[in-house]
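Novice: Mind looking over this structure? Questions follow.
The values are calculated or read from the model by the stated rules, or taken from the named source; none is laboratory data. The structure presented is a predicted model; accordingly, all values stated were derived computationally and were not measured. So basically every Cβ, Gly included, is an ideal-geometry build from the backbone, and we count neighbours across all protein chains shown.
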Amino acid sequence: MKVLVPVKRVLDYNVKPRVKADGTGVDLANVKMSMNPFDEIAVEEAIRLKDKGVTEIVAVSIGEAKSQETLRTALAMGADRAILVVSDEKVEPLGVAKLLKAIVEAEKPDLVILGKQAIDDDNNQTGQMLAGLLGVGQATFASKVELASDSVTVTREVDGGSETEKLSLPAIITTDLRLNEPRYASLPNIMKAKSKPLDQKTPADYGVDVTPRLTTLKVVEPPKRTAGVKVADVDELVAKLKAMGVAK
């Protein structure tokens, strides 16, 4: 059984984003980059499923050549091989989904596990688009995954609590925070990852046009929080809330 795990190189979650002076985007020069945290969870879950019949884990990334570092991290965690689709320009979620569809058709995995969203743009679209393009079942925001020979049972987070779904394979799963705690790659595994196969492709190899359809007009930082105001008593608080239209 084969599992495909897409991963993305993003600004490390410990780094405070800085907007470029011209407002065209986030400044990524000389800052730490790492694997998207939700994708780390996806890689970890794929590794844990090796005890349930998974024989091969293929990590995939779409982006600039530096994304090799992210794929090597996935290989060090336990993935068996990797595919990098090199694109110098930013690929939008639909373009990513189309490329993943082509890779799925070539690799024929039984299961695709990916993070529910990337922390750099928070689109939360790729998994759903990929399932739609492939015409297979999907379970988003997974908090528990149980794999069988021809199906997968997923407990997923919903507004009112959780629900359990059973999907026929092949299927698409997107991961939520409660699914697992990703492992740290050991030094021996980091060294072994350097010799694991990593193929480089381009969007043209898969016949996919990734020309952006959206244009970012401007990026601005959130407004700074203003200082609070002290009130003498509850009556004054209620009066101010009424003046703001919050209380009636």
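Novice: Can you say whether THR140 is within 20 Å of the chain's Cα centre (by Cα) and among the polar types (S, T, N, Q), as far as the supplied structure shows?
Specialist: It is true that THR140 is within 20 Å of the chain's Cα centre (by Cα) and among the polar types (S, T, N, Q).
Novice: Let me ask something additional. Residues of region 83-106 being surrounded by 17 or more Cβ atoms within 10 Å (Cβ to Cβ) and either within 21 Å of GLU45 (Cα to Cα) or free of Cβ contacts under 8 Å to residues at least 40 places away in the same chain (or both), which ones?
Specialist: ILE83, LEU84, PRO93, ALA97, LEU100, LYS101, ILE103, VAL104
Novice: Sticking with this structure for a sec: Just checking, which of ALA243, ALA204 is farther than 21 Å from GLY115 by Cβ and either modelled with pLDDT of 90 or more or basic (Lys, Arg) (or both)?
Specialist: ALA204
Novice: Only residues in region 71-82 that are under 15 Å from LEU49 (Cβ atoms) count as the first member; pair them with residues that are surrounded by fewer than 22 Cβ atoms within 10 Å (Cβ to Cβ) and not acidic (Asp, Glu), Cβ under 6 angstrom, at least 6 apart or cross-chain, and list the lot.
Specialist: From residues that are under 15 Å from LEU49 (Cβ atoms), the pairs are MET77/ALA185; GLY78/ILE47.
Novice: Of the conditions (1) crowded, with 16+ Cβ neighbours inside 10 Å; (2) more than 16 Å from ILE103 (Cβ to Cβ); (3) small (Gly, Ala, Ser), ALA74 clears all except one; give me its number.
Specialist: Tallying (1) crowded, with 16+ Cβ neighbours inside 10 Å; (2) more than 16 Å from ILE103 (Cβ to Cβ); (3) small (Gly, Ala, Ser), ALA74 fails exactly one: (2).
Residue-by-condition table, conditions (1) among the hydroxyl-bearing types (Ser, Thr, Tyr); (2) surrounded by 13 or more Cβ atoms within 10 Å (Cβ to Cβ); (3) at pLDDT below 90:
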position: VAL152; (1), (2), (3): no, yes, no
position: LEU167; (1), (2), (3): no, yes, no
position: ALA171; (1), (2), (3): no, yes, no
position: THR174; (1), (2), (3): yes, yes, no
position: SER195; (1), (2), (3): yes, no, no
position: VAL208; (1), (2), (3): no, yes, no
position: VAL229; (1), (2), (3): no, no, yes
